[in-house]
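Below: one structure, written as structure tokens.
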Amino acid sequence: MKKKLIAGNWKMNGSLASNEALLRAVLDGMAQQAPACDVAVAAPAPYLAQVQALTAGSSLAVAAQDVSAHEAGAYTGEVSAAMLKEFSVRYVLVGHSERRQYHHENDSLVAIKAQRALAAGITPIVCLGETMQEREAGLTEAVVKRQLAAVIHLNGHCISEIVVAYEPVWAIGTGLTATPEQAQEVHAVLRSQLAAATEQPDRIRLLYGGSMNAGNAAALLAQPDIDGGLIGGASLKAPDFLQIIASAK
Ligand code: PGA
């Protein structure tokens, strides 16, 4: 049976001192509870070396928050998949709604980023989800299917190596969470879309993200097609993050 994946997304938060305190607390807690799930933290790029050093030899995986769509060259400010790989990065977020919204990333760019990650041996966590406006217009299914279709189209059979994170935009950082039933409904749609593209759709982990916290994680993670969580705010507090990890059986 596949293990669930709990991934923290620190976003643009942290400092050398606070990262160290947070990571030490998370690592201590993980050593005590021996998690049944896989665990990762996505740190800002300048801190990847620090996270790599502090987590070396542990089961806490290093993740990055973005990757360039280019391989190398004159792309000021960009970080390539090969560079991430040098810092033991195991997962990278692609297409997070904050990148789509503030950096105008579209479906085809996100698909290329997923491809770059896969080519470097890094698992892309493909983020997708609808806005409140789209949900209210009855477009949720169409939007998430379009976002996933672009990644499937470009990556073909490699699709079995990705992770998908369904994050309704209206639930991110708002304290509003999709109900377990709402999340499951979308996850089931994504699962059947993956089934048409790969022979082993059940191998692919589908995470839920959007105000997941210590209080609501267990109910969300109990849904049949929810294979983990992508956690923003609550991943910055060790006790909360550890509680979510403990909920992922
Ligand atoms: P949140 O963020 O848990 O703070 O809502 C989730 C995310 O953006 O990945």
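Bear in mind that the values in this text are calculations on the coordinates, not laboratory data. The model shown is predicted, which means the values in this text are computed figures rather than measured ones. Every residue, glycine as well, gets a Cβ built from its backbone with ideal geometry; the counts of neighbours run over all protein chains shown.
Against the definition (farther than 29 Å from residue 129 by Cα, free of Cβ contacts under 8 Å to residues at least 60 places away in the same chain and part of a helix (DSSP H, G or I)), how does residue 58 come out, yes or no? The answer is no for residue 58. Checked against the criteria, residue 207 does not count as surrounded by fewer than 21 Cβ atoms within 10 Å (Cβ to Cβ), in contact with a Gly (Cβ under 8 Å, 6 or more places away or on another chain) and either part of a loop (DSSP other than H, G, I, E, B) or not charged (D, E, K, R) (or both). Sub-9 Å Cβ pairs linking a first residue in region 209-220 that is free of Cβ contacts under 8 Å to residues at least 12 places away in the same chain to a second residue that is in a helix (DSSP H, G or I) and among the polar types (S, T, N, Q), at least 6 apart or interchain, are 215/243, ordered by first then second residue.
Let's see how each residue does on (1) assigned to a helix (DSSP H, G or I); (2) surrounded by fewer than 23 Cβ atoms within 10 Å (Cβ to Cβ); (3) touching a Cys at 6+ places or on another chain (Cβ under 7 Å):
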position: 99; (1), (2), (3): yes, yes, no
position: 104; (1), (2), (3): no, yes, no
position: 109; (1), (2), (3): yes, yes, no
position: 114; (1), (2), (3): yes, no, no
position: 118; (1), (2), (3): yes, yes, yes
position: 121; (1), (2), (3): no, yes, no
position: 126; (1), (2), (3): no, no, no
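Taking the listed residues 159, 172, the one that is within 16 Å of the ligand (Cβ to nearest atom) and either in contact with a strand residue (DSSP E or B) (Cβ under 6 Å, 6 or more places away or on another chain) or among the aliphatic types (A, V, I, L, M) (or both) is 172, with no other qualifying. Taken together, 194, 176, 154 contain a single residue that is assigned to a loop (DSSP other than H, G, I, E, B), over 17 Å from residue 6 (Cβ atoms) and touching a helix residue (DSSP H, G or I) at 6+ places or on another chain (Cβ under 7 Å), which is 176.
Within region 42-55, take every residue that is within 16 Å of residue 120 (Cβ to Cβ) and free of Cβ contacts under 8 Å to residues at least 40 places away in the same chain and give me the one that is farthest from the chain's Cα centre (by Cα). Step by step, filter region 42-55, then rank; the result is 52.
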